Amino acid sequence: MGKPTGFKEFKRKEDGYISVKKRISNYKEFTIKLDDKDLKNQGSRCMDCGIPFCHSSCPLGNLIPDFNHMVHQEEWQKASWILHSTNNFPEFTGRLCPAPCEKSCVLGIIEEPVSIENIEKNIVEKSFKNGWIKPKIPNKRTNYKIAIVGSGPAGLAAAQQLNSVGHNVIVFEKEDKIGGLLRYGIPNFKLEKKIIDRRVNILKKEGIKFITNANVGVNISVSDLENFDSILLCGGASEKRDLNIPGANSNGVIQAMDLLTRQTKSIYDKSIKTPELKNKNVIVIGGGDTGSDCVGTANRNGAKSVINFEIMPKPPIKRSIKTPWPYWPLQLKNSTSHKEGCDRNWLINTKEFLFNKDNNLTGLKTVNVKWETKKNNSPKLIEIEGSEKIWKCDIALLALGFTGAEATLATKLGVKINTRNNYQTTNYQTNISKIFSAGDMRRGQSLIVWAISEGREAAREIDLFLTGKTSLATKGEGQLPKI
């Protein structure tokens with residue numbers, strides 16, 4: 001490393017934030033970028049450690065010490081080349097990834113880890129600003145046609161990889177715009193949609209074709225895919241988990257993804273109406289990232305109160321001894337949305353939705369719980385007698401995750417689904433030889449960095465299937481220009 005003592009000289013520093021009062025008045029991103037000197041110093045904190053656990057903890061195998069070193073050297077274009085050699089879309093991961101790399105950073109053993117995610121985001125943003133990211137058009141085309149169903153991060157990564165070796169790629173997207181969950185599942189305050197459009201324009205210039213409003217198996221017949229040499233299914237984990245308790249059908253009980261999708265669409269189409277949250281008592285059931293996004297959305301829509309329920313115990317402030325370094329830590333996470341205003345409650349289970357004669361939600365009935373370990377080490381939920389409580393509630397948002405992939409398309413194609421309701425594969429290949437699957441549809445609900453990794457790996461397997469060989473990189477490998 002260029003500055004082996006940098007971690008001793010500089011403390012961790014991240015982007016700043018616009019004040020809560022200002023940022024909840026709109027749906028724009030609200031970070032305040034560090035200046036180049038600070039970013040150089042942050043890159044300098046990367047230690048000359050013997051084994052870079054950050055690299056092995058990244059599902060993409062990003063060459064993190066290498067691009068940190070280039071930032072330290074102020075060689076930003078070289079940093080961009082290194083970053084893009086393993087990651088197709090660092091502008092997405094730099095905003096949305098929970099950064100498992102940082103949790104396994106060697107420096108994190110003794111103090112705050114290197115701010116890898118923020119460095120990554122700043123590398124790619126500087127690259128776009130300086131015009132370094134340009135379409136890479138294949139020198140020649142093959143005769144192979146590949147259909148990709150779904151334009152989320154897995155589908156887009158696979159499309160770019162397969163196009164790069166000359167295959168003819170068409171991406172089918174059921175929504176009106178490209179991006180999958182990135183487009184309508186992630187609020188604009190975390191990812192403005194111009195960021196997606198900027199990258200999609202690059203992909204189009206590289207030769208990838210996109211067809212929107214194309215729901216394969218619904219308004220696009222599966223027979224229309226028969227002439228393709230290979231098909232990659234990247235439709236995501238779209239089956240939302242319900243809460244089947246009394247009153248679940250009352251007005252005001254809303255699936256989180258339905259709210260988030262309509263909210264984002266309404267920003268661009270004023271005719272689309274969203275559930276009225278202004279001056280409402282909102283309770284978000286589910287303490288994960290989607291629940292956090294609902295909290296931020298409720299605050300931006302002027303909710304009277306925002307309460308968050310989580311059925312699991314409150315994590316410790318510091319890393320739990322049960323998840324020592326370099327494992328992903330059991331540790332409390334306070335998102336920027338939580339900090340905007342939210343009453344968080346742990347070990348609480350919703351038992352009933354209460355409603356009036358017009359079927360409008362008026363409250364929730366809950367009970368406190370605890371978890372006990374059974375003899376077979378499986379957890380058991382125990383309700384605490386006498387802890388029942390009524391909560392006033394006008395809107396309940398269900399942020400309970402997903403139960404798996406939508407099965408209709410699999411049935412129509414003859415593709416097998418496993419016991420976890422995911423599309424069953426071996427090396428990304430389904431039981432039908434020319435049909436592959438990747439991303440959340442194959443592995444279940446997961447992280448954006450895993451989706452991109454899956455798309456890249458599936459593209460490699462498809463290239464091998466079609467041609468018997470491949471030059472596409474596997475995890476942690478990159479095709480670097482001479483620098």
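Details
- Any pair with Cβ under 8 angstrom, 6 or more apart, that starts in segment 165-184 at a residue that is in contact (Cβ under 8 Å) with a residue 60 or more places away in the chain and ends at one that is of a type in the set (Phe, Trp, Tyr) and part of a helix (DSSP H, G or I): LEU182/PHE92
- Identity of the residue in segment 399-424, part of a loop (DSSP other than H, G, I, E, B) and at positive phi, that ends up surrounded by the fewest Cβ atoms within 10 Å (Cβ to Cβ): GLY414
- Qualifying residue in segment 125-136 (condition: more than 30 Å from ASP224 (Cα to Cα), buried (at least 18 other Cβ atoms within 10 Å of the Cβ) and free of Cβ contacts under 8 Å to residues at least 60 places away in the same chain): yes
- Here the condition is being in the same structural domain as LEU361 (by TED's automatic domain parsing), buried (at least 19 other Cβ atoms within 10 Å of the Cβ) and under 26 Å from the mean Cα position of the chain (by Cα); of ALA451, ALA438, ALA396, it holds for ALA396 alone.
- Residue ID - surrounded by the most Cβ atoms within 10 Å (Cβ to Cβ), chosen from residues in segment 215-262 that are touching a Pro at 6+ places or on another chain (Cβ under 7 Å) and in a helix (DSSP H, G or I): LEU259
- Residue match in segment 76-86 (condition: more than 22 Å from ASP35 (Cβ to Cβ) and touching a Lys or Arg at 6+ places or on another chain (Cβ under 9 Å)): yes
- Taken over segment 185-209, the residue count meeting the criterion of being outside any helix (DSSP H, G or I) and touching a helix residue (DSSP H, G or I) at 6+ places or on another chain (Cβ under 7 Å) is 9.
- LEU364 being within 30 Å of ILE24 (Cα to Cα) and either assigned to a strand (DSSP E or B) or not assigned by TED's automatic domain parsing to the domain that holds ILE285 (or both): yes
- If only residues of segment 21-50 that are free of Cβ contacts under 8 Å to residues at least 24 places away in the same chain and over 16 Å from CYS97 (Cβ atoms) are counted, the one that is surrounded by the most Cβ atoms within 10 Å (Cβ to Cβ) is LYS22.
- Among the conditions (1) in the same structural domain as LYS13 (by TED's automatic domain parsing); (2) touching a His at 6+ places or on another chain (Cβ under 9 Å), the only one that PRO138 does not satisfy is (1).
- Residues of segment 370-391 that are in a loop (DSSP other than H, G, I, E, B) and charged (D, E, K, R): LYS374, LYS375, GLU385, GLU388.
- Every test in (1) surrounded by fewer than 24 Cβ atoms within 10 Å (Cβ to Cβ); (2) part of a helix (DSSP H, G or I); (3) in contact (Cβ under 8 Å) with a residue 40 or more places away in the chain is passed by ARG456 save one, and that test is (1).
- Given (1) over 19 Å from the mean Cα position of the chain (by Cα); (2) at negative phi; (3) surrounded by fewer than 22 Cβ atoms within 10 Å (Cβ to Cβ), index of the condition LYS190 fails: (1)
The values are calculated or read from the model by the stated rules, or taken from the named source; none is laboratory data. Here the structure is a predicted model, which is why all the values come from computation and not from measurement. Positions of Cβ are generated from backbone atoms using ideal geometry, with glycine treated the same way; all protein chains shown enter the neighbour counts.
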